[in-house]
1. Restrict the check to region 160-167 and report whether at least one residue is modelled with pLDDT of 65 or more and open to solvent by 100 Å² or more (accessible area, probe 1.4 Å).
2. Condition first: outside any loop (DSSP other than H, G, I, E, B), within 23 Å of residue 93 (Cβ to Cβ) and hydrophobic (A, V, I, L, M, F, W, C). Now tell me which residues in region 1-18 satisfy that.
3. Which members of region 30-64 meet the condition of being hydrophobic (A, V, I, L, M, F, W, C) and farther than 15 Å from residue 7 by Cα?
4. In this structure, does residue 172 turn out to be modelled with pLDDT of 75 or more, of a type in the set (Val, Ile, Thr), outside any helix (DSSP H, G or I) and surrounded by fewer than 10 Cβ atoms within 10 Å (Cβ to Cβ)?
5. Can you tell me how many residues in region 26-69 are loosely packed, with under 15 Cβ neighbours inside 10 Å, in contact (Cβ under 8 Å) with a residue 40 or more places away in the chain and of a type in the set (Ser, Thr, Tyr)?
6. Taking the criterion of being within 19 Å of the chain's Cα centre (by Cα) and touching a residue at least 40 places away in the same chain (Cβ under 8 Å), would at least one residue in region 70-82 satisfy it?
7. State whether one or more residues within region 97-108 are touching a residue at least 40 places away in the same chain (Cβ under 8 Å), surrounded by 11 or more Cβ atoms within 10 Å (Cβ to Cβ) and over 28 Å from the mean Cα position of the chain (by Cα).
8. Return yes when residue 117 is among the acidic types (Asp, Glu), modelled with pLDDT of 65 or more and surrounded by 10 or more Cβ atoms within 10 Å (Cβ to Cβ) and no when it is not.
Amino acid sequence: MAYYECVLIARQDVPSAQVETLTNTFSGVITDNGGTVAKTEYWGLKTLAYRIKKNRKGHYVLLNLDAPPAAVAEMERQMGIHEDVLRHMTVRVDALEEGPSMMLQSRASRDGRDGRDGGRGERRDRDGHRDRDRDRDRDRDRDRDRDRDRDRDRRDREPRSEVAAAGEAGEV
């Protein structure tokens, strides 16, 4: 028997539970015709690159199959008839992937990032300074500006001498 990878896209308004039953239906077609489903992955609801049958999103499902060509042809025929399937693509492969597919690996790597830098380590600016040095300088400047503003406010609030007040009024 040959190995195949099949990706199908189901309509966005179909609940994920119904997508699972849809996947089980197509898996049943494969097993009834003498094949096996090695792996099933639900990739989730994703935005489509362009509208397909008035849908902007779709539920993506991957099926790894070990089946005769007749079983795959029957499954594709039923997918083409089913109204909830927007698109499907089946590709013959030399060997089936073990473990999670690239779509699930990329999702796991995105979820495991530490902070905003993407886990790339310590960053340096053009002059070779580390982020920590730049942050320290920024904090020092902020503190200096705050102290200067506080001192200016204190000077403005102090009572002025009578001579200085009379000089400003033009009475001297």
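The values are calculated or read from the model by the stated rules, or taken from the named source; none is laboratory data. Keep in mind the model is a prediction, meaning the values are calculated, not measured. When we count neighbours, we look across all protein chains shown, and the Cβ atoms used for this are built from the backbone with ideal geometry, even at glycine. Surface areas here come from the heavy atoms of the whole protein model, side chains and all, with no ligands, DNA or RNA. Shrake-Rupley method; radii C 1.70, N 1.55, O 1.52, S 1.80 Å.
1. For region 160-167, residues modelled with pLDDT of 65 or more and open to solvent by 100 Å² or more (accessible area, probe 1.4 Å): absent.
2. 2, 6, 7, 8, 9, 10 - these are the residues of region 1-18 that are outside any loop (DSSP other than H, G, I, E, B), within 23 Å of residue 93 (Cβ to Cβ) and hydrophobic (A, V, I, L, M, F, W, C).
3. Of all residues in region 30-64, those hydrophobic (A, V, I, L, M, F, W, C) come to 30, 37-38, 43, 45, 48-49, 52, 61-63.
Once the filter is applied, which keeps residues that are hydrophobic (A, V, I, L, M, F, W, C) and farther than 15 Å from residue 7 by Cα, region 30-64 yields 49, 52.
4. Working: modelled with pLDDT of 75 or more: no; of a type in the set (Val, Ile, Thr): yes; outside any helix (DSSP H, G or I): yes; surrounded by fewer than 10 Cβ atoms within 10 Å (Cβ to Cβ): yes.
The answer is no for residue 172.
5. Of the residues in that region, 0 qualify.
6. Just the residues of region 70-82 that are within 19 Å of the chain's Cα centre (by Cα), to begin with: none.
Among the residues of region 70-82, not one is within 19 Å of the chain's Cα centre (by Cα) and touching a residue at least 40 places away in the same chain (Cβ under 8 Å), which makes the answer no.
7. No.
8. Numbers: among the acidic types (Asp, Glu): yes; modelled with pLDDT of 65 or more: no; surrounded by 10 or more Cβ atoms within 10 Å (Cβ to Cβ): yes.
Here the answer is no, as residue 117 does not meet what is asked.
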